[in-house]
Amino acid sequence: RRLDRYQTLAKMAQLACAMLEEALGALLESNTEKARRAIELDAEVDSLCRDLMLELLAQMQDNPRHIRACVAAQSVALALERIGDHTTNLAERVLF
């Protein structure tokens, strides 16, 4: 089954926002449960990013006319994945 790049990016953005909300709540409230939830969500963001990168590569190989759009989608996916990493670092500060 092929991934829809826009739906996947929207899901990644939703998860990154949820992570940030949990991590900020954890920081403000010294709440380790919120910190753990934020960290757990990062695995899903990472998995979506990995799957999307493979799908985008396949789309570019199948149809070179889509390269520009696929590269743009890759850039957005990597930025969202990086937001997840930064948010995880914030949540880990609460835990440690």
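Some points to look at:
- Helices in the chain, meaning DSSP H runs of at least 4 residues, each add -39500 (n - 2.57). Divided by all residues, the mean residue ellipticity at 222 nm is -32000 deg cm²/dmol.
- Förster radius 30 Å - calculated FRET efficiency between ARG82 and THR32, Cβ distance, rounded to 0.05: 0.80
- Over all distinct Cα-Cα pairs of the chain, the Kirkwood formula returns a hydrodynamic radius of 13.8 Å.
- Simple Cβ-charge dipole of the chain, Lys/Arg +1 and Asp/Glu -1, about Cα centre, in debye nearest 20: 400 debye
- Whole-percent carbon and sulfur share, accessible surface of the chain, 1.4 Å: 56 percent
- A full extension of the chain between ASN89 and ASP51 corresponds to an added length of 11.4 nm, given 0.36 nm per residue minus the alpha carbon distance.
- Per residue solvent-accessible surface (Å²) - the chain, probe of 1.4 Å: 63 Å²
- Each label point was placed 7 Å from the Cα along the Cα-to-Cβ direction; for LEU24 and GLN61 their separation is 4.1 nm.
The values are calculated or read from the model by the stated rules, or taken from the named source; none is laboratory data. These numbers were taken from a predicted model, which means no experiment stands behind them. Cβ atoms come from the backbone with ideal geometry, glycine included; neighbour counts cover every protein chain shown. Surface areas here come from the heavy atoms of the whole protein model, side chains and all, with no ligands, DNA or RNA. Shrake-Rupley method; radii C 1.70, N 1.55, O 1.52, S 1.80 Å.
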